[in-house]
Structures are given as structure tokens and as C-alpha cells.
1. Once you keep just the Cα pairs under 8 angstrom separated by 6 or more residues, what percentage relative contact order results for the chain?
2. Calculate what fraction, in whole %, of the accessible area of the range 159-213 sits on carbon and sulfur atoms when a 1.4 Å probe is rolled over the protein chains.
3. Which value, to two decimals, describes the C-alpha radius of gyration of the range 257-380 once divided by 2.2 N^0.38 Å?
4. What's the local net charge at residue 193, with K and R +1, D and E -1, over the other residues with C-beta under 12 Å away?
5. Starting from the amide H of residue 228, placed 1.01 Å from N in the peptide plane, find each other amide H under 5 Å away whose residue is 5 or more places distant or on another chain.
6. Need the C-alpha centroid separation for the range 214-293 versus the range 313-368, integer Å.
7. I'd like the FRET efficiency for residue 105 and residue 274, computed as 1/(1 + (r/R0)^6) with the beta carbon distance as r and R0 of 56 Å, rounded to 0.05.
8. What does the convex hull of the Cα atoms come to per residue for the range 84-183, in Å³?
Amino acid sequence: MKSIYVDEELELLRSQVRRFVDEVVRPNGEAWEDAGEIPRSVLRRMGELGFLGMRHPVDYGGAGGSALMSAIFAEELGRSTFGGFSVTVLVHTDMASPHLRNSGTREQLERWMPKVVSGETITAIAVSEADAGSDVAGMRTRARREGDQWVLNGSKLFITNGASADLVIVAAKTDPRAKGSQGMSMFLVERGTPGFSVGRKLEKLGWRSSDTAELVFEDCRVPGDRLLGTLDNGFYEIMKNFQNERLVLSGMAVGESREALDRTIRYVKERKAFGATLWDKQVIRQRLAMLEARVEAARQLLYHSAWLLSQQTDAVREVSMLKALAGELVNEVMYACQQFHGGMGYIQETAIERMARDARVLSIGGGATEVMLEEVAKRA
Ligand SMILES: Cc1cc2nc3c(=O)[nH]c(=O)nc-3n(C[C@H](O)[C@H](O)[C@H](O)COP(=O)(O)OP(=O)(O)OC[C@H]3O[C@@H](n4cnc5c(N)ncnc54)[C@H](O)[C@@H]3O)c2cc1C
């Protein structure tokens, strides 16, 4: 279905991403799942093609594009059927590096942004901890000033790109007396900084080609100029990108849902049981038709929310609705698609088996459904 928000330029982007997914991701995705990571050469290639800097300033090699570009990009990566690949890329482009763009000084931008855009420097965002997920008020990681340095102590959990990133944006409490999410700041920490280590790589149900790690900071010293944004204002700086983060996770969910439905419709049109194809069973085709309708509705809300963000309009209500809707819907879609694939849907040879595992986290990470619904309810 067409959208008034998606013009020719965005359709061109869609076809470029689609070609990359068909030629590079789909043939190699299984090997990346086995390896537990995406090869750097692939990310560098994406940098060369301009996919990693679409939202970043032209001055640093980016394209200065709008949130609609992120929405289309996420949707098309979602179609790849490899959620681990999609999230590796989107954490870098739309969840971690935007903090550098939004809050970085000229020096910080000059130093890191060109390599972020080219894919030489891959980023991660480290906010969550064992006792601070949905509610960051429980954050224990601390940063204290000593002379001209910051000293970080604490640990972070569930960090995407955590083991492989070159540059990690770390949230830490800088004013231990401040309550809740107050008194928090962001820091730029490079891989190899003494005192910064990867505790362990975490094995997961899905997203297996994405590295998810625990990060440890033990008297980790960084120069004073590694503070990102305003001191003690970190939570508000982090929040600046919340809507974009939720937008792309929803874009992934929409793309994955659409792809799963396409594959399942093809499958049930061929598969025969009780003297006819599964598609001939009204109960099956109507269930799929209703899911198609709901996915299309979510897709239109995705584009509308992206457009609101591109107009610098407050879109917390719409994006929260979208994230809650898309995160739940993709799981409903995967359940039905797996069901209609029968035994094959449970076998690792089929994409649907992986897609069902990958989808599970989309209603949990980056704002759980219940947290999103509270944001909607607050604005009722
Ligand atoms: C694979 C993966 C990758 C991740 N990547 C990153 C990353 O790169 N960087 C990062 O900082 N974090 C990352 N996370 C962390 C992720 O954002 C958190 O897991 C998420 O915010 C939920 O926090 P939690 O796990 O502590 O769950 P909790 O906060 O303990 O919540 C548990 C459940 O309780 C329910 N719940 C929570 N709050 C409410 C409420 N107010 N009302 C009703 N119900 C509620 C929800 O169902 C929720 O799922 C990642 C997580 C995973 C699993």
C-alpha cells in the first residue's frame, strides 16, 4: 500500500537496501548466526554504500536525512529475516551514534563522526544494568572526577555490539546524591581503555548474529573531554533519542511481519492437506488476511510517526503506541506463521523458525510494551 509520506527518493533508498539484503545478507546470514557476529567487512561495505551515515551531518560524510529514512531502512533490514544482523546495524546507526550527533562537541564530532559514517568505528549504547532496565533509576555505575580525568566503576548488562564496538556511549551516575534518573551523565569510552573489559558474551534465544555483552568498568580512566553532553543531564540527553530508537525497532517489527506473512502465504498456497491447499481453508486465509490488515495499519503508523519526528513535533504518544503495537503484533504474526508452517516451522532449515525466535525481544527491549502503554495512558 502506498503512503503519502514515502516519496521517490525514499523508494529509491528502499530498493538499494533491498538489493543489499538480497545479495549480501540473505546468502550469508546463516554463517553469521553460527559465528555470533557480523563481519566487519560487511559493515564497512555498508559504510561505503552510504547506509551508516544517512542521518548524520553532511559535514562529516553523512546525508543529513530524516527519520523517514530510518523507518524505511529498518523496515527493509527487517525483511532480511536475520534480526541479529538488523539490530547490529540499527544500534550503530540509530540507537548509539545519534547521541554523538545530538550531544557531541565539535571536537568530538570531528574525531569520531567520519569513522562512524564509514563503518571504521562501530558504536554501542550502554545504559541497562542488572538492576536498571525499564527503570534506569536503579543505575549503579558511577563516574567521579579526579583531576582532569573521569573514573568509571560499575557494570552494564545486555549491551548490543558490546563485545565488538570500538566506541561505547556509557551512562553513569555523576551525582550519587541525586534521586532517580537525575545526576546522570554520558561518556565516550573507547575499546582498549584500561579498566574497561567485556565480562561475558551472552547466549540468547534469538538475534544470534548480534553480539550482546556484559561490560565491566573497574577504575576505568578516561580524559575529561570524554564527557558527552551536559554534566548531570545525561538522562535527558539519552531521552532525546528514545523516540528514534523505538521507531527503528518498530520498523524492524513491521518489516519482519510483512516478510513472514509473504513467506507463509506462499507456503500455504502450495502445501496440500485434506485434498486441497491450506490456502483453500477459509480459516487460514482469513487469519492471514486479518494479520495483513493489522501489519499494514502498523506500517502506516510507522511512516506517520517518522514524519512527525521529521517535523520536530512531539511524537511520544504516537511512537509509544507504535512500539507497543508493532512489538506485540510481530509476535502474533510469528505465532500464526509458525503454526501454518506445521512441523517445518519448528525446524531450523526454515526462516520462520529463526524469525519467531528473533521477534520475541521486540516487545521487551528498547521499551517494554507495558512501559510504552503507560506513556500512551499518561497522555490520554
Ligand atoms: C537482546 C537484548 C539487547 C539489548 N540491547 C541493549 C543495549 O544495546 N543497550 C542497553 O542499554 N540495553 C539493552 N538491552 C536492555 C533492554 O532495553 C532491557 O532488557 C529492557 O529495557 C527491559 O529491562 P529489564 O530487562 O531490566 O526488564 P524489567 O525492567 O525488569 O522489566 C521486566 C518486565 O516487567 C514488565 N514491566 C516493566 N515495567 C513495567 C511497568 N511500569 N508496568 C508494567 N509492567 C512493567 C515488562 O513486561 C518487562 O518486560 C537489551 C536487551 C536485550 C534482551
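The values are calculated or read from the model by the stated rules, or taken from the named source; none is laboratory data. What you are looking at is a predicted structure, and each value in this text was computed from that prediction instead of being measured. Heads up, the Cβs are rebuilt from the backbone with ideal geometry, glycines too, and the neighbour counts pull from every protein chain shown. Just the protein is used for accessible areas: all its heavy atoms, side chains included, with ligands, DNA and RNA removed. Shrake-Rupley method; radii C 1.70, N 1.55, O 1.52, S 1.80 Å.
1. For the chain, the relative contact order is 18 percent.
2. Here it works out to 50 percent.
3. 1.22
4. Local charge sum for residue 193: -1.
5. Those qualifying (amide H under 5 Å, at least 5 residues apart or on another chain) are 186, 187, 188.
6. Between the Cα centres of the range 214-293 and the range 313-368 lies a distance of 6 Å.
7. That pair, residue 105 with residue 274, gives E of 0.25.
8. Roughly 117 Å³ of hull volume per residue.
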